[in-house]
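Participant: Structure in structure tokens, see below.
Coordinate-derived values only; no laboratory data. A quick note: this is a predicted structure, and the numbers were derived from the prediction, not measured. Note that each Cβ is placed from the backbone with ideal geometry, even for glycine, and that neighbours are counted across all protein chains shown.
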Amino acid sequence: MSVKPTLVLLVRHGTTPTTGKILPGRARGLHLAESGKAQAVRVAERIAEMGKVAAIYASPLERARETAAPISRAMKMPVHIERGLLECDFGTWTGQALQRLYKKPEWTTVQRAPSSFRFPQGESFVEMQSRMVGALDVIRRRHAGKTVVCVSHADPIKAAVAHAMGTPLDLFQRIVISTCSVTAILYTDLAPIVLTVNSTGGSLRDLKPS
């Protein structure tokens, strides 16, 4: 049985005090910076301009839930927590300074051959992509023919984009997902259609399915 196309808006959480400095992973207690809160309000306004959405989902981490909150208020609907949207489990790399991680010999593998890498005591990129894509598949079928918002993290969104475009996971690091950017994928029975990636400004009205 065919399923009507579903428009999924993937939103990366807003800026935090450690963005670009630390690999936070799934560590608890990391909240949005003031600039991140302002970004969240703006992205909520952009999404509200599109009109009604069927549901709002968010990763369980604080920074994702705090980004989803203004969207929830703007759309007057609750946020559903979805573990499939979680950040990658970086294992023992969690909380380490990026400047330190850049010097590790494994960093080259992370950038050039991520499909072969597993974070020590953590998740592999393949597992992360499978989890994210699986969660989005369930969500899009649950809200067939409608628009949904999913607030997640950079790497899971990049992995979802790579999968939707048929791009090998080993090239997914070439995709940029900025804080509070919107990436729109139309999921159809034939194949996903990537409508926009890393949109950080302007109207989203043209993304609404006709």
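Participant: Which whole-number percentage describes the relative contact order of the range 6-203, with Cα contacts under 8 Å and a sequence gap of 6 or more?
Facilitator: Working: 408 pairs, mean separation 62.2, N = 198.
With pairs under 8 Å counted, the relative contact order is 31 percent.
Participant: Relative to the longest principal axis of the C-alpha atoms of the chain, give the angle of the C-alpha long axis of helix 62-75, reported between 0 and 90° and rounded to the nearest 10°.
Facilitator: Once rounded, the angle reads 10 degrees.
Participant: To continue, here is another question. Label the range 1-91 by shape, choosing from rounded, prolate and oblate, from the square roots a ≥ b ≥ c of the eigenvalues of the Cα gyration tensor; if a/c is under 1.5 it is rounded, and otherwise prolate applies when a/b is larger than b/c, oblate when it is not. Mind showing how you got there, number by number?
Facilitator: Working: a/c = 2.31, a/b = 1.38, b/c = 1.67.
Oblate, since a/c reaches 1.5 and b/c is not below a/b.
Participant: What's the lysine pair count for the range 6-203 at a Cα cut-off below 23 Å, pairs eight or more apart or interchain?
Facilitator: 12
Participant: Any idea which of T15, G51, I157 is furthest toward the positive side of the dipole for the chain, if Lys and Arg beta-carbons carry +1 and Asp and Glu beta-carbons -1?
Facilitator: G51
Participant: Mind ordering 188-199, 10-21, 151-162 by average Cβ neighbours within 10 Å, highest first?
Facilitator: Values: 188-199: 15.3, 10-21: 20.9, 151-162: 25.0.
Top of the packing list down: 151-162, 10-21, 188-199.
Participant: Further, regarding this structure: Count the DSSP beta bridges whose two residues both fall in the range 6-203, then state the antiparallel fraction as a percent rounded to the nearest 5.
Facilitator: Values: 12 of 25 bridges.
Taking every DSSP beta bridge within the range 6-203, about 50 percent pair in antiparallel fashion.
Participant: Would you mind checking the tilt of helix 34-48 against the longest principal axis of the Cα atoms of the chain, expressed as 0 to 90 degrees and rounded to 10?
Facilitator: That helix lies at roughly 30 degrees to the long axis.
Participant: When the helix-only estimate is applied to the chain (DSSP H runs of n ≥ 4, each -39,500 (n - 2.57), divided by the residue count), what is the mean residue ellipticity at 222 nm, nearest 500 deg cm²/dmol? Let's see the in-between values first.
Facilitator: Working: 6 runs with 70 residues, N = 210.
Computed ellipticity for the chain at 222 nm equals -10500 deg cm²/dmol.
Participant: How big is the Kirkwood radius of the chain, worked out from every pair of different alpha carbons and given in Å to one decimal?
Facilitator: Working: mean 1/r = 0.0582 Å⁻¹.
Evaluated over the chain, this radius sits at 17.2 Å.
Participant: Next up: Looking at the range 1-69, which GluC sites (Glu not before Pro) are DSSP coil and have at most 14 other C-beta atoms within 10 Å of their C-beta?
Facilitator: Values: sites: E34, E45, E49, E62, E66; in loops: E49.
Sites meeting the loop and neighbour criteria: E49.
Participant: Which trypsin sites (Lys or Arg not before Pro) does the range 51-82 hold that lie in a coil by DSSP with at most 13 other beta carbons within 10 Å?
Facilitator: K52, K76
Participant: For the range 6-203, give the magnitude of the charge dipole about the Cα centre (Cβ charges: +1 Lys/Arg, -1 Asp/Glu; no others), in debye to the nearest 20.
Facilitator: On the way: 25 positive and 15 negative charges, 52 e Å.
The calculated dipole for the range 6-203 is roughly 260 debye.
Participant: I would also like to ask the following. I'd like the distance separating the alpha-carbon centroids of the range 92-163 and the range 1-46, in whole Å.
Facilitator: First find each Cα centre; the distance between them is then 14 Å.
Participant: To continue, here is another question. Find, among the chymotrypsin sites (Phe, Trp or Tyr not before Pro) in the range 67-105, those assigned to loop by DSSP (not H, G, I, E, B) with at most 16 other beta-carbon atoms within 10 angstrom.
Facilitator: Details: sites: F90, W93, Y102; in loops: F90, Y102.
The qualifying sites are Y102.
Participant: Count the net charge of all other residues whose Cβ sits under 13 Å from the Cβ of M77, scoring Lys and Arg as +1 and Asp and Glu as -1.
Facilitator: Details: positive: K52, R73, K76, K146; negative: none.
Counting the neighbours of M77, the net charge comes to +4.
Participant: Indicate the gyration tensor shape class of the range 105-184 (rounded, prolate or oblate), computed on the Cα atoms with a ≥ b ≥ c the square roots of the eigenvalues: a/c under 1.5 is rounded; otherwise a/b larger than b/c is prolate and the rest oblate.
Facilitator: Values: a/c = 2.18, a/b = 1.80, b/c = 1.21.
Taking the square roots of the gyration eigenvalues as a ≥ b ≥ c, the range 105-184 is prolate.
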